[in-house]
């Protein structure tokens, strides 16, 4: 990783106090990479004033990123954060998600901030008129959108296109690489022989991830490919309903719900196809980024930022949302033509590396910062 010539003092403000959400992880992954290039990086999280860092922070603590807690729901913390900003004097404030953005906005009222950057990871409408007003205000100098689909949505919501920059998220290049996963261990754990096709979906079991569509997809797929097993990885409030639907469809051991797993790279490696059945408000799902980085064939719904990675017939296959039959057909195509699937998977990995390698993200984000600082200096 190339070190910078002129270091910046960068403050990342996170809406959560634990690294169990994709947005928080991506923010800290960026902060750590920026620190490694020579920038002076500080992290503020939404947590009680005397809270100890959540256990999920351990890898980042080891990298020298000790979070400063501020309870962002308390008005008294605004004044404390204002004093914190005056003492720190950051060159850049990078706020991640609405809670952090609003907290920073109110705390810095009347202050002349060098560069105030917001992060947007969803195509969902703004949660309130206040959030819309803050995003559209000239006091927020730039908005980093995690996909072109997110930028397009922001423009539709009335945000000036000139202040929006698309910077894709990144991934752990050592963890998510074709040689990293232990394929045989997972397949042995699941009791699968070499002939059985394994289809994997990773993500929270919530509405927008549409896990029940995946369950119905596996049911439809068994009509096309008798020797197939589907796996849902993740936890969430829809788990019981997924179990009930699987029982109703008589899937038996053709569908496994594994819950939360830390070995997702091994699960990707074991998969013959990785699926994303999301319906909306994704921005660009990290599962596709990780699966393609590992050189796995993918099938995804044609929503939000998914088509920016899954280019039909080139890096994977796209299907309409909420269409188990179409998804089953697409999966069957990849299972039945392994050479074609492998070719698309290789192209997908090349695309992910070109758009989302950590070095690319750090350089692009720094360019966003410096463009604001240059304009402000003039």
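The values are calculated or read from the model by the stated rules, or taken from the named source; none is laboratory data. This one's a predicted model, so the numbers in the text were calculated from it and none came from an experiment. Here the Cβ is made from the backbone with ideal geometry for all residues, glycine too, and neighbour counts use every protein chain on show.
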Quiz item: Does residue 95 fit the bill of being in contact (Cβ under 8 Å) with a residue 60 or more places away in the chain, in a helix (DSSP H, G or I) and either in contact with a strand residue (DSSP E or B) (Cβ under 7 Å, 6 or more places away or on another chain) or surrounded by 15 or more Cβ atoms within 10 Å (Cβ to Cβ) (or both)?
Solution: no
Quiz item: Name the pairs: first residue in the stretch 134-149 and outside the structural domain of residue 165 (by TED's automatic domain parsing), second residue surrounded by 22 or more Cβ atoms within 10 Å (Cβ to Cβ) and in a helix (DSSP H, G or I), Cβ to Cβ under 9 Å, at least 6 apart or on different chains?
Solution: none
Quiz item: In the stretch 259-272, what count of residues is obtained for those that are surrounded by fewer than 18 Cβ atoms within 10 Å (Cβ to Cβ) and over 14 Å from residue 184 (Cβ atoms)?
Solution: 4
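Residue-by-condition table, conditions (1) more than 24 Å from residue 205 (Cβ to Cβ); (2) touching a helix residue (DSSP H, G or I) at 6+ places or on another chain (Cβ under 9 Å); (3) assigned by TED's automatic domain parsing to the domain that holds residue 367:
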| residue | (1), (2), (3) |
| --- | --- |
| 16 | no, yes, yes |
| 39 | yes, yes, yes |
| 48 | yes, no, yes |
| 54 | no, no, yes |
| 64 | yes, yes, yes |
| 69 | yes, no, yes |
Exercise. Answer with yes or no whether residue 130 is without any contact (Cβ under 8 Å) to a residue 12 or more places away in the chain and surrounded by fewer than 16 Cβ atoms within 10 Å (Cβ to Cβ).
Key: no
Quiz item: Which one of 304, 280, 329, 339 is under 16 Å from residue 203 (Cβ atoms) and surrounded by fewer than 19 Cβ atoms within 10 Å (Cβ to Cβ)?
Solution: 280
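Here is a yes/no grid of residues against (1) at pLDDT 95 or above; (2) part of a helix (DSSP H, G or I); (3) closer than 30 Å to residue 294 by Cβ; (4) in contact with a strand residue (DSSP E or B) (Cβ under 7 Å, 6 or more places away or on another chain):
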position: 124; (1), (2), (3), (4): no, no, yes, no
position: 134; (1), (2), (3), (4): yes, yes, no, no
position: 140; (1), (2), (3), (4): yes, no, no, yes
position: 143; (1), (2), (3), (4): yes, no, no, yes
position: 152; (1), (2), (3), (4): yes, yes, yes, no
position: 158; (1), (2), (3), (4): yes, no, no, no
position: 162; (1), (2), (3), (4): yes, yes, no, no
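For the stretch 214-242, which residues satisfy the criterion of being within 21 Å of the chain's Cα centre (by Cα) and not in a loop (DSSP other than H, G, I, E, B)? Talk me through it step by step, then tell me what you get.
Going through the stretch 214-242, the residues within 21 Å of the chain's Cα centre (by Cα) turn out to be 214, 231-238.
214, 231, 232, 233, listed by residue number.
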Practice problem: Tell me which residues, restricted to the stretch 193-213, are surrounded by fewer than 24 Cβ atoms within 10 Å (Cβ to Cβ), over 18 Å from the mean Cα position of the chain (by Cα) and in contact (Cβ under 8 Å) with a residue 40 or more places away in the chain. | Solution: 197, 198, 213
Quiz item: Inside the stretch 350-378, can you point out the residues that are under 30 Å from residue 331 (Cβ atoms) and part of a helix (DSSP H, G or I)?
Solution: 350, 351, 352, 353, 354, 355, 356
Exercise. Answer yes or no as to whether residue 247 is in the same structural domain as residue 294 (by TED's automatic domain parsing) and in contact with a strand residue (DSSP E or B) (Cβ under 9 Å, 6 or more places away or on another chain).
Key: no
Quiz item: at pLDDT 95 or above, buried (at least 23 other Cβ atoms within 10 Å of the Cβ) and closer than 21 Å to residue 292 by Cβ, is that true of residue 230?
Solution: yes
